[in-house]
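S.K.: First the structure, which I've put down as structure tokens, then a few questions once you've had a look.
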Amino acid sequence: MASENNNMMIHPTAVVDEGCEIGAGSRVWHFSHLLRGCKIGERCSLGQNVMIASGVVLGNNVKVQNNVSVYEGITCEDDVFIGPSAVFTNIANPRSAVVRKHLYEKTIIRKGATIGANATVVCGVEIGAYALIGAGAVVTTDIKPYALVVGVPARQTGWVSEYGHHLRFGTNGLATCPESGEVYLFSEGKIIKIATENERNS
């Protein structure tokens, strides 16, 4: 039987250390471990066998799927999705015999970004808002907002909408998300959301 408080659910097999902050409506599932000093926002979902380290900050509505360890130095803004068995690091040159806990590199995942299943994010990068990292990709550099990246190492192959659809730009530099109707402008190497299709035509 899971325990619930303020619409927050913690499965009885999960371990939540004293000193964790967990927002209302969040759910922590089987065999997960939240270490002292982590901060979990509202309406988050942490799947089976998830570890959240000390100092990690997750915004609101972050979904961390099964078998993911989120190490110290990582921050996720609101609405981030982390797919099953994704991997993070926090030291670029780890050695068992050399203690480098004071040298953890910062990694930030901006609002609405998706990390695909089995993807690896090497420490010290910034993943832009609404970027989509394909399954199995290995991210070693910063990723632009709305970028679609795949491969090893990860390379950008296109752009996606906030709903995760591939954007196809016309000669006027505009593209429309087929699900939301939101219109995006490609200009000077970046994407700007300008309106919904209805707003643009009104």
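No lab work stands behind these numbers, since they all come straight from the coordinates. Please read all numbers here as calculations on a predicted model, not as lab measurements. Virtual Cβ from ideal backbone geometry, glycine too; neighbours counted across all protein chains shown.
S.K.: Using θ = phi - 60° and the Karplus form 6.51 cos²θ - 1.76 cosθ + 1.60, what ³J(HN,Hα) does each residue of the range 12-28 get, whole Hz, x for Gly and Pro?
M.R.: x, 7, 6, 10, 10, 5, 4, x, 7, 10, 10, x, 4, x, 7, 10, 10
S.K.: So for the chain, averaging the separation of alpha carbon pairs under 8 Å that are six or more residues apart and normalising by length, what relative contact order in percent results?
M.R.: Values: 590 pairs, mean separation 18.6, N = 202.
That works out to 9 percent.
S.K.: Going by amide H atoms built from the backbone, whose H comes under 5 Å of the H on Phe88, apart from near neighbours?
M.R.: Amide H neighbours of Phe88: Ser69, Val121.
S.K.: Let me ask something else. About the Cα centre of the chain, how large is the charge dipole given +1 on each Lys and Arg Cβ and -1 on each Asp and Glu Cβ? Please answer in debye to the nearest 20. Don't skip to the end; give the middle numbers.
M.R.: Values: 17 positive and 18 negative charges, 109 e Å.
In debye, rounded to 20, the chain gives about 520.
S.K.: Oh, and also: What is the order of Ile194, Ile127, fewest Cβ neighbours within 10 Å to most? Show your work: numbers first, answer last.
M.R.: Working: Ile194 13, Ile127 26.
Ordered by Cβ neighbours within 10 Å, fewest first: Ile194, Ile127.
S.K.: Order by neighbour count: Arg100, Arg43, Arg95, fewest other Cβ atoms within 10 Å first, most last.
M.R.: So the residues, fewest neighbours to most, are Arg95, Arg100, Arg43.
S.K.: Also: Starting from the Kirkwood radius over alpha-carbon pairs of the chain, derive D by Stokes-Einstein at 20 °C in a medium of 1.002 mPa s and give it in µm² s⁻¹.
M.R.: 120
S.K.: Per-residue HN-Hα couplings for the range 109-122, Karplus 6.51 cos²θ - 1.76 cosθ + 1.60 at θ = phi - 60°, whole Hz, x for Gly and Pro?
M.R.: Each residue's phi maps through the Karplus curve to give 10, 7, 3, x, 6, 10, 10, x, 4, 6, 6, 10, 10, 6 Hz.
S.K.: Still on this model: Lys/Arg Cβ at +1, Asp/Glu Cβ at -1, dipole of the chain taken about the Cα centre: which of Asn61, Asn90, Ser161 is farthest positive-ward?
M.R.: So the residue we want is Asn90.
S.K.: At q = 0.20, 0.25 Å⁻¹, what base-10 log of I(q)/I(0) does the Debye formula yield for the range 38-77 when every alpha carbon is treated as an equal point scatterer in vacuo?
M.R.: The Cα Debye sum returns log10 ratios of -0.49, -0.78.
S.K.: Mind listing which GluC sites (Glu not before Pro) in the range 109-202 are in a DSSP loop and have 13 or fewer other Cβ atoms within 10 Å?
M.R.: Here the GluC sites (Glu not before Pro) that fit, given the DSSP loop and packing criteria, are Glu179, Glu188.
S.K.: When Val99, Val125 are ordered from fewest to most other Cβ atoms inside 10 Å of their Cβ, what list results?
M.R.: Arranged by neighbour count, lowest to highest, Val99, Val125 become Val99, Val125.
S.K.: What distance in nm separates the simple spin-label points at Ser187 and Asn93, each placed 7 Å from Cα in the Cβ direction?
M.R.: Roughly 4.3 nm, to one decimal.
S.K.: Considering only DSSP beta bridges whose two residues both sit in the chain, what percent are antiparallel, to the nearest 5? Intermediate results must be reported in sequence, preceding the final value.
M.R.: Numbers: 18 of 54 bridges.
If we restrict to bridges inside the chain, about 35 percent are antiparallel.
S.K.: Shifting gears a bit: Leaving out same-chain residues fewer than 8 places away, which lysines sit with a Cα under 17 Å from that of Lys39?
M.R.: Leaving aside lysines fewer than 8 places away in the same chain, those within reach of Lys39 are Lys63, Lys106, Lys111.
S.K.: For the range 109-156, what relative contact order do you get, as a whole percent, if you take Cα pairs closer than 8 Å and at least 6 residues apart?
M.R.: 34
S.K.: Shifting gears a bit: Show me 109-118, 169-178 ranked by packing, highest mean number of other Cβ atoms within 10 Å first.
M.R.: So the peptides 109-118, 169-178, ranked by packing, come out 109-118, 169-178.
S.K.: Thr171 versus His11, label points 7 Å from Cα toward the beta carbon: distance in nm?
M.R.: Placing both labels 7 Å along Cα→Cβ, they lie 5.5 nm apart.
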